[in-house]
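Following: one structure in structure tokens, then a few remarks.
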Amino acid sequence: MKQYDVAAFIWPSYHPDPRAKAFWPMGIGEWQTVMSNAPKFPGHEQPRYPLWGYVNEADPYVMAMQIEAATNHGVNVFIYDWYWYDGLPYLEGCLNDGFLGAANNDKMKFYVMWANHDVNLCWDKRNADDAFTGRNRSVIWRGGIDRNQFENACRRIIERYFGHPSYYRIDGKPVFMLYELSTFIAGIGGVQAAHEALSWFRDEVVRAGYPGLELQLTMRRDSPHSLSGIPGDNVGTQRDLVEQLAFDSLTHYQFCHFVDVNRDYNVVMEDVLAEWHTLDTNYTMPYYPHVSVGWDSSPRAQQFTGSIIKNNTPENFEKALLAARDFVDARPGQAPLITVNSWNEWTETSYLQPCTMYGYGYLEAVRRVFGGA
């Protein structure tokens, strides 16, 4: 059977972290929010609880169990959300202690996505309603960083992760994903400064002994409009910037970033497929297809609901995976990579881990399409 790289994003918040107590004072990470989940209207398909319980995902024994379950069902890459705020990394325990400490991490590849977004109050259920509705626009941490902090963060990534034998590479080059392009450009000081910083990063990776860097971007909806919010800098469209900054490949993080998700899953997928083909046609670098399990961020709030994908059953998710497999098969010249949201986004209701509603249904869907270990 053909081998595919099925890469699931990991939201590394389910473990103790002193800085995270500002949002989850119990000291168990966002499990505190999951525990308090409840339906908000008749027919609301909540709560969803983990069959594995509220485990500490920074525990290497827990992560070894999860690696075994993932690879047995065809998920063979983890993409770790990685954070840098106020000059320090944040929520690294799941990767550093859990995954890298797991005795079986040679069975699974991993790579890093720098989740460089601002942090507001949406992680704090006590205040999330105000954050979601815009009544309170307070920013706790800024995602944009200057050149000095960027270099510090990149050196940490090169030194701690790129050399690990399980780090995911394309054509021998370690893959590094950037989450939010406009925030990066604003923090670093404009498009030219962004180009110079990324060129420096590429040079550092080569200097460290690698053949190069596979720089990947988390896309938003393809649009003819210029990106906004960067004072004094006419930055151009997303497509302009992808070319100017010489990204090597593209994917998405979540359906909600580029289509209207407040619909039936099968209808959403019609627009998703159209976007895949738009990117494949209009961009010069490879696009790796993305599949989201679902979307419902209401568990993070007391009352707010927002957009919700309906009918995201394991059976419909499987159809989306089949479409992604077909997309990859039709492009044999690029890596057989599919990204999936996500391994464990419980408070956004987009997870592969077994739950009280569908059991192992989502993981079994992956295994039916891609096979297991």
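Worth pointing out:
- Some residue of the range 292-303 being within 20 Å of the chain's Cα centre (by Cα) and among the hydrophobic types (A, V, I, L, M, F, W, C): yes
- Residues of the range 308-340 classified as under 17 Å from residue 168 (Cβ atoms) and in contact with a strand residue (DSSP E or B) (Cβ under 7 Å, 6 or more places away or on another chain), total: 7
- Only one of the numbered conditions (1) part of a helix (DSSP H, G or I); (2) in contact with a Pro (Cβ under 7 Å, 6 or more places away or on another chain) is violated by residue 64, and that is (2).
- When 110, 41 are checked against the criterion of being among the aromatic types (Phe, Trp, Tyr), over 22 Å from residue 182 (Cα atoms) and touching a helix residue (DSSP H, G or I) at 6+ places or on another chain (Cβ under 8 Å), 110 stands alone in meeting it.
- The range 314-350 - residue that is surrounded by fewer than 17 Cβ atoms within 10 Å (Cβ to Cβ) and assigned to a loop (DSSP other than H, G, I, E, B) and, of those, nearest to the chain's Cα centre (by Cα): 336
- Criterion (surrounded by fewer than 21 Cβ atoms within 10 Å (Cβ to Cβ), of a type in the set (Ser, Thr, Tyr) and touching a strand residue (DSSP E or B) at 6+ places or on another chain (Cβ under 9 Å)) met by exactly one of 85, 54: 85
Every residue, every condition in (1) assigned to a loop (DSSP other than H, G, I, E, B); (2) out of contact with any strand residue (DSSP E or B) (no Cβ under 6 Å at 6 or more places or on another chain); (3) within 15 Å of residue 324 (Cβ to Cβ); (4) not hydroxyl-bearing (Ser, Thr, Tyr), yes or no:
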residue: 240; (1), (2), (3), (4): no, yes, no, yes
residue: 243; (1), (2), (3), (4): no, yes, no, yes
residue: 247; (1), (2), (3), (4): yes, no, no, yes
residue: 256; (1), (2), (3), (4): no, yes, no, yes
residue: 270; (1), (2), (3), (4): no, yes, yes, yes
residue: 273; (1), (2), (3), (4): no, yes, yes, yes
residue: 277; (1), (2), (3), (4): no, yes, yes, yes
residue: 280; (1), (2), (3), (4): no, no, yes, yes
residue: 284; (1), (2), (3), (4): yes, yes, no, no
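- Filtered residues of the range 25-61 (kept if closer than 27 Å to residue 7 by Cβ, part of a loop (DSSP other than H, G, I, E, B) and of a type in the set (A, V, I, L, M)): 28, 51, 55, 58
- Scanning the range 62-82 for residues that are surrounded by 18 or more Cβ atoms within 10 Å (Cβ to Cβ) and among the acidic types (Asp, Glu) gives a single hit, 81.
Any read-out appearing in this document is the output of simple, stated calculations on the displayed coordinates, not a laboratory observation. Computed from a predicted structure; not experimentally measured. Counting neighbours? That spans all protein chains shown, and the Cβs are built from the backbone with ideal geometry, glycine included.
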